[in-house]
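Visitor: One structure, pasted below without further comment.
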Amino acid sequence: MSRYEEAKKIYAKLDIDTDKALKTLQDISISMHCWQGDDVRGFDTKENLSGGIQTTGNYFGKARNYKELMQDIDKALSMIPGKHRLNLHSNYAIFENGEFADRDKIEPKHFKKWVEFAKERCMGLDFNPTIFSHPKANNLTLSSHDEEIRKFWVNHCIACLRISEYFANELNCQCVMNIWIPDGYKDIPADRYSPRDRFKKSLDEILDTNYDKEKVLVCLESKVFGIGFESYTVGSAEFCLNYAASKGIMPLMDNGHYHPTEMVSDKISSMLLFNKNLALHITRPVRWDSDHVILFDDETREICKEITRCNDISRIKIATDYFDASINRIAAWVIGIRNVQKALLYGLLQPNKKLFDLQKENKFTELMLIQEEIKTYPFGDIWLEFCNRNNVIGTEEWFKEVLDYENNVLSKRNYNFKD
Ligand code: RNT
Ligand code: ZN
């Protein structure tokens, strides 16, 4: 008997159907963030990364242009089982032959190559306005009291709505467009109200434009603080949740954007009770919103248990969001995304019915016992089977491919210090 067959029997004793779990996992697509490939640089500016987010490390081989980034994404995807989506930021617009458009002027044509890329791979695309790393983002953006700046970013978001619609139409699937602004203050502000009032007005102006609400799912991402914005964040949790609820748009929760003992895994059920859909940025905060590569750790598993307990998993739009420049960037993608999938599989292999009953019957000793025992079930064999069925290497052996790629491709990329 194969290891999978044996493992299947062991899980079956707890009434867990491993084949069903594998089938469900097969249908869950993760929106893979493009920005792990080049440390969130994009192609439209030589400005440093701003907005209170940071990459650290300078591992060699960073993608320098769209061709390299696409090549790297392909390499990463070849080691990730299943069918996924690609999450683009607007600063990944592709300009050629000396052409350039500022953020408020970008158009669908600047993303034509991404659409071709996605079509060839049967992938959906998601999108994000890029409201940082730009001369007009040195201060407040959508919450700015400088009308010209505020309008500039409103127009940028409207341009992004057009591009999101274009993605949805071309690829014939919904596009999630996520708005996140870095706006805030380093030190204690006097007026907390007005910037939030202006942010609200800006969002109203953006959403008042005509767009196809069936095709483009707009969401709003909150945050607790950023580097240099420690004392006040305009787009706080309360602001974003209330705004999203009042407008019927989707809230987005990034698990790096809360106080350290606050857990997104505990928030999901409340959100699902009051929202049709919920968007997630899965990341790993280490002491702060550090955007480390996702591990197969307790909180990732707990988040994924909540996702897989949902009656309709497609209500939850799962995206990854991390950027580590200190290790091989392709491996970072593969490790993080595979870990989300592992955690989802772990969630799908919970004996939920039994656990729910134990909870109802106040049998907390047994509830704890089973939750602990299941941790050492032959989970790895089920994961291997998933990889085998998807023709990707299930063990750490995949890293050999990364090393070959590092030697043959990444090590040949040279930089001058301006890159
Ligand atoms: C920043 C937010 C945001 C960004 C991306 C690049 O704290 O998490 O989602 O990471 O837009
Ligand atoms: Zn995020």
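The values are calculated or read from the model by the stated rules, or taken from the named source; none is laboratory data. Please read all numbers here as calculations on a predicted model, not as lab measurements. Glycine gets a Cβ as well: all are built from the backbone with ideal geometry, and neighbour counts include every protein chain shown.
Visitor: Scan segment 212-230 and tell me whether some residue there is without any contact (Cβ under 8 Å) to a residue 24 or more places away in the chain and either in a loop (DSSP other than H, G, I, E, B) or away from ligand 1 (no atom under 11 Å from the Cβ) (or both).
Guide: yes
Visitor: Please work out if CYS160 is crowded, with 18+ Cβ neighbours inside 10 Å and farther than 19 Å from SER236 by Cβ.
Guide: yes
Visitor: If I filter segment 162-188 down to residues being acidic (Asp, Glu) and in a helix (DSSP H, G or I), which single residue comes out as farthest from ligand 1 (Cβ to nearest atom)? Reasoning before the result, please.
Guide: Of all residues in segment 162-188, those acidic (Asp, Glu) come to 165, 170, 183, 187.
Filter once more, so that each one left must be in a helix (DSSP H, G or I): 165, 170.
Details: GLU165: 20, GLU170: 23 Å.
So the residue we want is GLU170.
Visitor: Next question. Determine if segment 238-251 includes at least one residue that is in a strand (DSSP E or B) and within 13 Å of ligand 2 (Cβ to nearest atom).
Guide: Yes, because at least one residue in segment 238-251 is in a strand (DSSP E or B) and within 13 Å of ligand 2 (Cβ to nearest atom).
Visitor: Looking at (1) more than 15 Å from ligand 1 (Cβ to nearest atom); (2) touching a Ser or Thr at 6+ places or on another chain (Cβ under 9 Å); (3) assigned to a helix (DSSP H, G or I), can you tell me which one GLU205 breaks?
Guide: Just one mismatch for GLU205, condition (2).
Visitor: Which is among the hydrophobic types (A, V, I, L, M, F, W, C), closer than 20 Å to VAL392 by Cα and in contact with a Phe, Trp or Tyr (Cβ under 8 Å, 6 or more places away or on another chain), of ILE80, ILE94, ILE30, ILE10?
Guide: ILE80 is the lone residue from the list that is among the hydrophobic types (A, V, I, L, M, F, W, C), closer than 20 Å to VAL392 by Cα and in contact with a Phe, Trp or Tyr (Cβ under 8 Å, 6 or more places away or on another chain).
Visitor: When residues of segment 35-66 are filtered for being over 30 Å from TYR185 (Cβ atoms) and either within 15 Å of ligand 1 (Cβ to nearest atom) or among the aliphatic types (A, V, I, L, M) (or both), how many remain?
Guide: Count: 3.
Visitor: Anything in segment 252-270 that is free of Cβ contacts under 8 Å to residues at least 24 places away in the same chain, in a helix (DSSP H, G or I) and among the polar types (S, T, N, Q)? List them, or say none.
Guide: Hit for segment 252-270 is SER270, nothing else.
Visitor: Considering only helices (runs of 4 or more DSSP H) fully contained in segment 306-418, which possess at least 2 residues that are surrounded by fewer than 18 Cβ atoms within 10 Å (Cβ to Cβ) and out of contact with any Gly (no Cβ under 6 Å at 6 or more places or on another chain)?
Guide: Correct list: 352-360, 364-373, 379-389, 398-408.
Visitor: For SER314, work out the one condition from (1) within 16 Å of ligand 1 (Cβ to nearest atom); (2) free of Cβ contacts under 8 Å to residues at least 12 places away in the same chain; (3) under 18 Å from the mean Cα position of the chain (by Cα) it doesn't fulfil.
Guide: Condition (1) is where SER314 drops out.
Visitor: Can we say ALA137 is farther than 17 Å from LEU220 by Cα, surrounded by 22 or more Cβ atoms within 10 Å (Cβ to Cβ), more than 16 Å from ligand 2 (Cβ to nearest atom) and touching a residue at least 24 places away in the same chain (Cβ under 8 Å)?
Guide: Spelling it out, ALA137 is indeed farther than 17 Å from LEU220 by Cα, surrounded by 22 or more Cβ atoms within 10 Å (Cβ to Cβ), more than 16 Å from ligand 2 (Cβ to nearest atom) and touching a residue at least 24 places away in the same chain (Cβ under 8 Å).
Visitor: Surrounded by fewer than 13 Cβ atoms within 10 Å (Cβ to Cβ) and in a loop (DSSP other than H, G, I, E, B) - does that describe any residue in segment 19-42?
Guide: Within segment 19-42, one or more residues are surrounded by fewer than 13 Cβ atoms within 10 Å (Cβ to Cβ) and in a loop (DSSP other than H, G, I, E, B).
Visitor: Consider only pairs whose beta carbons are under 6 Å apart and that are at least six residues apart or on different chains; among these, list those whose first residue lies in segment 271-283 and is modelled with pLDDT of 95 or more and whose second residue is within 16 Å of ligand 1 (Cβ to nearest atom) and of a type in the set (Gly, Ala, Ser).
Guide: HIS281/ALA319; THR283/GLY256
Visitor: A further question follows. Regarding segment 153-162, can at least one residue be identified that is of a type outside the set (Gly, Ala, Ser) and without any contact (Cβ under 8 Å) to a residue 12 or more places away in the chain? Don't jump to the end; show me each part of the working.
Guide: Taking segment 153-162 and keeping what is of a type outside the set (Gly, Ala, Ser), we get 153-158, 160-162.
Now restrict to residues that are without any contact (Cβ under 8 Å) to a residue 12 or more places away in the chain: none.
Scanning segment 153-162, I find no residue that is of a type outside the set (Gly, Ala, Ser) and without any contact (Cβ under 8 Å) to a residue 12 or more places away in the chain, so the answer is no.
Visitor: So ALA279 passes all but one of these: (1) small (Gly, Ala, Ser); (2) more than 15 Å from ligand 2 (Cβ to nearest atom); (3) crowded, with 22+ Cβ neighbours inside 10 Å. Which condition number does it fail?
Guide: (2)
Visitor: Just name the residue that is nearest to ASN277 (Cα to Cα) out of those in segment 295-349 that are acidic (Asp, Glu) and within 16 Å of ligand 2 (Cβ to nearest atom).
Guide: Of segment 295-349, the ones acidic (Asp, Glu) are 297-299, 302, 306, 312, 321, 324.
Now narrow it down to the ones that are within 16 Å of ligand 2 (Cβ to nearest atom): 299, 321, 324.
Working: GLU299: 21, ASP321: 19, ASP324: 29 Å.
Residue satisfying both the conditions and the ranking: ASP321.
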